[in-house]
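Here, each number is a calculation from the coordinates, and none is a lab measurement. This structure is a prediction, so every number in the text was calculated from the model and none was measured. With ideal geometry, Cβ positions are generated from the backbone for all residues, glycine too; neighbour counts draw on all protein chains shown.
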Amino acid sequence: MVKWIFDRMVSLVLLIVLMPVLLIVALCILVANGTPIMYIQERIGQNAKPFKLIKFRTMKGEEESPVAAAELNRITRVGRWLRRTKIDELPELLNIFVGDMSFVGPRPDVAGYADKLEGDDRRLLTMKPGLTGVASLKYRNEEDLLAAQPNPQEYNDKVIWPDKVRLNLLYMERQSLWLDVKVLICTALGKTVKGFE
């Protein structure tokens, strides 16, 4: 209940406070790349229920890849900056406010990845996906890591994604309000959470 109240109250406050930033970013995208400004993609949420994730558009065209490093040529100049600063994810505050997401939790996967969860790993689907999390912090430079691989998609599928599952299960076992606070502080500082390296 505390987390539910925190998510809604803080997301509402941030949406109000950051409204000028959101409008400026939207205008930059409109001027530099035209419409659409937002990128909306179906992701898998709590209890495997699909929801519409909202982000600022960072690629040419309307469709974006879940493994962006595989399509670096499609990322716009503005989009590259938005991705590096994570500002492209600010519209997800709306997802948090309406209850599709939480501030802290596993990042929501597309159907193709959520479907790969088997056995005990499927416990992750009982959690509400998050804007940030222990796995997100470890792989905060994921695009650069993938861009350095000869086959980004294969490296993501065989190395990064399984490790994210491991870290998220560990978070699930240790979940507490204090851990969530530490994750949020580490997110602000750009650091990993101790014990989740």
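In the chain, helices alone account for a calculated mean residue ellipticity at 222 nm of -13500 deg cm²/dmol, with every DSSP H run of four or more residues adding -39,500 (n - 2.57). Each residue in M172, M9, M127 was given a count of other beta-carbon atoms within 10 angstrom of its own, and listing them fewest first yields M9, M172, M127.
What number, in percent, do you get for the relative contact order of segment 81-166 if the mean sequence gap of Cα pairs under 8 Å and at least 6 apart is divided by its residue count? After rounding, I find 28 percent.
Residues V181, V110, ranked from the fewest to the most other C-beta atoms within 10 Å, line up as V181, V110. One decimal place: the segment S176-D157 gains 3.9 nm when fully extended, by the rule 0.36 nm per residue minus the C-alpha distance.
The mean sequence separation of alpha-carbon pairs under 8 Å and at least six residues apart, normalised by the residue count of segment 2-189, gives a relative contact order of 22 percent.
Percent of Cα-Cα pairs more than 24 Å apart in segment 73-197, please. So the pairs more than 24 Å apart make up 28 percent of the total in segment 73-197.
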